[in-house]
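Written below as structure tokens is the structure these notes are about.
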Amino acid sequence: MTTPSHVDVRDLSVTVRRPDGTLLRIVDSVSFSIPRGEVLALIGESGSGKTTIALSLMGYARGGAVISGQIRVGNASLDGVGPASLAAQRGNRITYVAQSAAAAFNPSRRIIDQVIEPALIHRTAAAPAARERAIGLFRALALPTPETIGERYPHELSGGQLQRLMAAMALITKPDVVIFDEPTTALDVTTQVEVLQAFRRVFREEGATGVYVSHDLAVVAQMADHILVLNGGKVREQNSAATLIAEPQDDYTRMLMSAAQPVVQAITPPAPKAATPLLEIDGIFAGYGPIDREGRPANPVLSAVSLSIGKGAALGVIGESGSGKSTVARVVAGLLTPTAGTVSLDGEVLAPTLAERTREQLRRVQIVFQNADVALNPAHSVGEILARPLRFYHGKTGADARRRVNELLDLTRLPSSVIDRRCGELSGGQKQRVNLARALAAEPDIILCDEVTSALDTVVRGAILDLLGDLRRDLGLAYLFISHDIATVKALCDEIVVFYKGTRVEHGTSDAYAAPPYHPYTELLITSVPELRPGWLADYPYQPVAPVANVTQSSDICRFLQRCPRSRQGLCDIAAPPLRTLENGSRILCHLDTSELAH
Amino acid sequence: MLHAARRLPLSGKIGLAIVLFWLMVALIGPFIAPYTPGAFVSEEVFAGSSGKFWFGSDFLGRDVLSRLLVGARFTVGLSVLAATLACATGTGLALTAAVGPRWVDELLSRAMDTMISIPGKVFALVMVAAFGSSLMLLTLIVAITYVPGNFRIARSLAVGLARLDYVEVARARGEGRLHLALVEMLPNMIRPLFADIGLRFVFIVLLLSGLSFLGLGLQPPDADLGSLVRENVSGLGEGALAVLVPALAIASLTVSVNLLIDAATQGKAR
Amino acid sequence: MSGSASAQRPTWIAPLRLIAARIGAALLTLLLVSMVIFAISGLLPGDAAQEALGQGATAGQIAALRHEMGLDQPGPVRYVRWLGGIVKGDPGTSIVANQPVSKIISERLPNTLRLAALTSMVAVPLAFLIGVFSAIARGRRLDRALNVLTLSMVALPEFLVATLAVLLFAVKLRWLPSIALVPQEPTLGEFLRAYTMPVISLAVIVVAQMARMIRAAIIAELDRPYVEMARLKGVRPGRLIFRHVLPNAIGPIVNAMALSLSYLFGGAIIVETIFSYPGLASLMVNAVTSRDMPLLQACAMIFCATYLLLVLIADTVAILANPQLRKG
Ligand SMILES: Nc1ncnc2c1ncn2[C@@H]1O[C@H](COP(=O)(O)OP(=O)(O)O)[C@@H](O)[C@H]1O
Ligand code: SF4
Ligand SMILES: [Mg+2]
């Protein structure tokens, strides 16, 4: 490297003391340097030490951890200096953008006061000048109404906006280094692109040097000049972004890259559809909160949702968070009573509430939740958790039940030694397997999987997807598979439904989602997923759509209108979109037809 | 158990030792009392400490130590009983509210909110005025006084748990309310509730002795530690042990329970 | 976003609605409380007529008095009449003193309020300081020492504190009288002599309780991510506490203060009795002893209303301090 490095880290180690008194190195002899004006990405799975390294660049360690090694930023050295001079660096020469801006902003102070605070406490600018710079940054970050947005409180802004505002706060002092800690992980893909674009632009303009922490290689490929792969606190590989992605040297890097694009072993398509589907959902309306006189809930979520799943089939449901995916699963499971519409199993209409369903009906439909941490009762052992449905649905007890529990552990590839453990002692992947095993214990016809892979690291996610595929092939299970990640859904499902604001905007075979035409919202979803190639973001075609002004959103017109890049004035804002069938067999809710949507 | 006790910080160990001491006194106190508690054994009233009367004599010349050993049984025994009763009732109602229909929850919560708005001492005084203060009534009165407090804690725990996915899964399985409450929820509430029982116990000891101190609690010839303070309050002017010792005894009991709970819950919280 | 919705309405509407709802709820609770108190104390067979006439009265005399006092009416009718009286400021006649309850109370209430006000003036700042300092020093020696100290203080019986105070100030040092008699127009010296011990006795427990709750409220905030973010911005500890943490902790802190202060009225029951202080609390104890129900009911209602008022004030402050509630 010819440029003198701007940030230089040598032999950085971070040690924590475990409750039993032993020492644990969570970061082990990490060295790297960053030239001025470039971005280094730290990538790895959760627990690999990314955030710890990022924070130690600020001389900050959580929970009494001890930092050792040499850290130099610009011409200041951070190792072995007192708290006062650290505080003088933090937020001034070195700044930080946290993962969840929604939590990291102080809820009771105005945004602008928080954004300019670093400039004021470090005296890099007077209040009026800082304010002006903040507004300039807001503009560069493509925030709406940059002059006044700072007057708001955090709860009045969206996650994507807060994340950009936090970047403005980090840049206000013109720092030597900005640290981004998973800044888009909590966002929907469509929002993520907007935020990434804004970050890129402002980085170029400011010529800032950065450290970008992420678990997502594809995101990192857009943002970083150099990538450092971490595993278990150690550096596995370190190279320029383009080289590392084109020619990964380390096995672990290769594994990360292949897990990022899940493939599930092909499944023989389910037998030709029987006359009645296994599960049929017809015209469901549902929501939360008290129900008014016309039978509408205070917070309506689903409107006129219909789906059907054949025996042994897998139907994927995608959409951004809050689009009503989980609500569908809750209605099917009987946990939420719909205000209208029916759910039928094998042609037999299921009662809307749990209490009125027969135990046999309940047995045939099982639900598995996203977060295995809260889906398994911490007071019970794995054996007890699995034995309960055996007893409840099949009357199995004693040796009979024990044998079946062992079979279930086998089926989900868990060692039989976990049987007496509590779930707190299991790893994330193991918990999710127990979670699945409990559903399998009922011997159901269909499992409702609500984001079962979303909380897992990519490598573990791949293994769970494989398991789901095998179970389906071996047991003839059907899935209603909910996810916000289209790649995951494509890998596992035969058919995919796209949800937008509680309506089904597209329904087609998985293959139909390989290429246009799609519904404009599907198109936005698919194109928003970053690709594992540097330069993808630079080529990204869309700019955020300015909302169509002055439309009174009647319930009839297209719900996607406000964000639709293809909307037609005088059509979309007047009439309700028809349900039409495209040439590839997909059904969509849109005014445009195949030729108009195929580019 | 022993292992857990050894890991307590010093304040917790001291607390535990004193709590165990008082439990012991409550169990065997009357049998080791040197004199019959009601007997007039000293010539002198409000005598100081001596070899014969370790804690001196009271306003009638009775042995303070003997009366203390018997009085402690009332204070500890009644309070344990009342605290258990209060927490069992409060937690039972809380679980009912959490798994029952909405209207049950609303009714119970409204009722408990009402009860909690009547300060404990005021409620107990009104009850005593209306019903009197026999041993059983007194226990019931102090127990009822602290039901709402336990209900509030237990309900917020239970409602939080009821929203968790594992309870939802059990509900979706078709499990009945009793299973949800007792098998899925209650085991996860035990630890925080245990601390709450301890806290209620402290409140109850203070309330019971407070009532007795006002002459509205235990009635003679029965006497708990609060009654002993009341009886001998006229000795305060001469700094009599007879008034100080029972008051300090109560304080040592309540303070040590508090120290123990704090030490036992702290390790978990951090 | 929700901001645009609130922009159309004046910004003071949302908090006002919330506060109005809280006031409504408090009044409803007070009504329910009155029912409970009346049900416990007013509907029993061993009634006031018997009490007033004593053991020697004939059945006829009692019946006549019952009729005169309206005790032969059905419960709900008596309740409504009683409640009406309370609302109008006339909660009946004391059976024992044979005077209007309102007159007796109006003589005593100011004394209790004065005692409570003095105690609050001592307790609130002290508790605030202890709470804030132990939160800042969390886990360090100062915090652990304060923790054990306050933990012990909250568990002390009021009569022990009062007893020790008497022993120290009146018996050993002979600085103060052991009885709190306040002359009509006290000089500053007399005033201090009369109030020092009752105030100390009450304050010890209230301070400890309040300080613990304030510490807990601040520590709950210190664990939130925005505090870490502020540290990473280079905010120093003092500014962190006063500019970042306290604005968010105001709600829980005022709530802690309200709860502790309402406890003060309960504590007053014992402290007033010990020091023979002519307040409402010792009056209530007398009413229990003499089974003077009208007086007792009125005292109980005042204590409950005070509790609800304190909680209501705390709620209102919490609403006004929270932009999310304030801006609807
Ligand atoms: N228990 C609930 N009470 C009230 N609103 C809820 C509840 N659960 C979900 N919602 C709301 O319903 C909408 C859809 O939620 P959900 O079905 O969970 O969406 P998704 O699974 O697609 O993220 C969201 O606006 C969410 O805030
Ligand atoms: S109907 Fe119009 S606005 Fe809606 S998705 Fe189609 S083109 Fe876009
Ligand atoms: Mg969801």
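The values are calculated or read from the model by the stated rules, or taken from the named source; none is laboratory data. All values reported here derive from a predicted model rather than from experimental measurement. Note that each Cβ is placed from the backbone with ideal geometry, even for glycine, and that neighbours are counted across all protein chains shown.
Structure notes:
- Pairing each residue of the range A:510-522 that is away from chain C (no Cβ under 14 Å) with any residue that is more than 16 Å from ligand 2 (Cβ to nearest atom) and of a type in the set (Asp, Glu), provided the two are 6+ apart or on different chains, yields C-beta distances under 7 Å for A:510/A:494; A:510/A:495.
- Only a single criterion out of (1) in contact (Cβ under 8 Å) with a residue 12 or more places away in the chain; (2) more than 24 Å from residue A:487 (Cα to Cα); (3) more than 12 Å from every other protein chain (Cβ to nearest Cβ) is not satisfied by residue A:389, namely (3).
- Enumeration of residues in the range B:181-195 that are in contact with a Leu (Cβ under 9 Å, 6 or more places away or on another chain), in a helix (DSSP H, G or I) and either more than 7 Å from chain A (Cβ to nearest Cβ) or under 30 Å from residue C:153 (Cβ atoms) (or both): B:181, B:182, B:185, B:186, B:192, B:193
Per-residue answers, yes or no, for (1) in a helix (DSSP H, G or I); (2) away from chain B (no Cβ under 14 Å); (3) within 16 Å of ligand 2 (Cβ to nearest atom):
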position	(1), (2), (3)
A:419	yes, yes, no
A:424	yes, no, no
A:432	yes, no, no
A:437	yes, no, no
A:448	no, no, no
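- Here the condition is being assigned to a loop (DSSP other than H, G, I, E, B), farther than 16 Å from residue B:166 by Cα and charged (D, E, K, R); of A:402, A:413, it holds for A:413 alone.
- Any hit, the range A:306-320, residues being modelled with pLDDT under 90, in a loop (DSSP other than H, G, I, E, B) and under 22 Å from residue A:370 (Cβ atoms): yes
- Scope the range A:361-386; condition out of contact with any strand residue (DSSP E or B) (no Cβ under 8 Å at 6 or more places or on another chain) and more than 7 Å from every other protein chain (Cβ to nearest Cβ); matching residues: A:363, A:372, A:373, A:383, A:384, A:385, A:386
- In the range A:505-526, the residues that are away from ligand 1 (no atom under 14 Å from the Cβ) and hydrophobic (A, V, I, L, M, F, W, C): A:512, A:514, A:515, A:524, A:526
- The strands (runs of 3 or more DSSP E) found wholly in the range A:1-102 and carrying at least 1 residues that are among the aliphatic types (A, V, I, L, M), under 29 Å from the mean Cα position of the chain (by Cα) and surrounded by 15 or more Cβ atoms within 10 Å (Cβ to Cβ) occupy A:5-17, A:23-35, A:39-43, A:94-97.
- Test result for residue B:149, crowded, with 22+ Cβ neighbours inside 10 Å, in contact (Cβ under 8 Å) with a residue 24 or more places away in the chain, part of a helix (DSSP H, G or I) and touching a Lys or Arg at 6+ places or on another chain (Cβ under 8 Å): no
- Pairs with Cβ under 7 Å, 6+ apart, first in the range A:568-582 and within 14 Å of another protein chain (Cβ to nearest Cβ) and on the phi > 0 side of the Ramachandran plot, second more than 9 Å from ligand 2 (Cβ to nearest atom) and in a loop (DSSP other than H, G, I, E, B): none
- For residue A:358: the one exception among (1) among the β-branched types (Val, Ile, Thr); (2) over 28 Å from residue A:279 (Cβ atoms); (3) facing chain B (nearest Cβ under 9 Å): (2)
- Failed criterion for residue C:275 (all others in (1) within 14 Å of chain A (Cβ to nearest Cβ); (2) among the aromatic types (Phe, Trp, Tyr); (3) in contact (Cβ under 8 Å) with a residue 60 or more places away in the chain hold): (1)
- Of the listed requirements (1) within 13 Å of chain C (Cβ to nearest Cβ); (2) over 24 Å from residue B:71 (Cβ atoms), residue B:127 misses just one: (2).
- Residue in the range A:330-353 that is assigned to a loop (DSSP other than H, G, I, E, B), touching a residue at least 60 places away in the same chain (Cβ under 8 Å) and either aliphatic (A, V, I, L, M) or within 16 Å of ligand 2 (Cβ to nearest atom) (or both) present: no
- Residues of the range A:225-243 include none that is modelled with pLDDT under 90 and within 16 Å of ligand 2 (Cβ to nearest atom).
- Candidate set: the range A:354-383, residues that are free of Cβ contacts under 8 Å to residues at least 60 places away in the same chain and of a type in the set (Lys, Arg); chosen: the one farthest from ligand 2 (Cβ to nearest atom): A:359
- Looking only at residues in the range A:490-504 that are within 13 Å of ligand 1 (Cβ to nearest atom) and of a type in the set (A, V, I, L, M, F, W, C), the one that is nearest to residue A:437 (Cα to Cα) is A:497.
- The residue that is farthest from the chain's Cα centre (by Cα), among those in the range A:272-305 that are more than 16 Å from ligand 1 (Cβ to nearest atom) and surrounded by 14 or more Cβ atoms within 10 Å (Cβ to Cβ), is A:276.
- Annotation note: Cβ proximity below 7 Å between a residue of the range A:91-114 that is more than 7 Å from chain C (Cβ to nearest Cβ) and free of Cβ contacts under 8 Å to residues at least 40 places away in the same chain and a residue that is in a helix (DSSP H, G or I) and not basic (Lys, Arg) (sequence gap 6+ or interchain) occurs for A:112/A:134; A:112/A:150; A:112/A:151.
- Residue A:368 vs. criteria touching a helix residue (DSSP H, G or I) at 6+ places or on another chain (Cβ under 9 Å) and buried (at least 23 other Cβ atoms within 10 Å of the Cβ): yes
- Residue satisfying condition, being within 12 Å of chain C (Cβ to nearest Cβ) and surrounded by fewer than 22 Cβ atoms within 10 Å (Cβ to Cβ), within set A:207, A:159, A:136: A:159
- Listing of helices (runs of 4 or more DSSP H) fully contained in the range C:231-328 that carry 1 or more residues being surrounded by 23 or more Cβ atoms within 10 Å (Cβ to Cβ) and of a type outside the set (Ser, Thr, Tyr): C:246-274, C:280-289, C:293-321
- Those residues of the range A:239-263 which are of a type outside the set (A, V, I, L, M), outside any strand (DSSP E or B) and either more than 18 Å from residue A:465 (Cβ to Cβ) or out of contact with any helix residue (DSSP H, G or I) (no Cβ under 9 Å at 6 or more places or on another chain) (or both), in sequence order: A:243, A:247, A:248, A:249, A:250, A:251, A:252, A:253, A:254
- Hits in the range B:196-219 - residues which are within 18 Å of residue B:77 (Cα to Cα), at the interface with another protein chain (Cβ under 8 Å from one of its Cβ atoms) and either small (Gly, Ala, Ser) or touching a strand residue (DSSP E or B) at 6+ places or on another chain (Cβ under 6 Å) (or both): B:209, B:210
- Per-region count, the range A:476-489, residues at pLDDT below 90 and in a helix (DSSP H, G or I): 3
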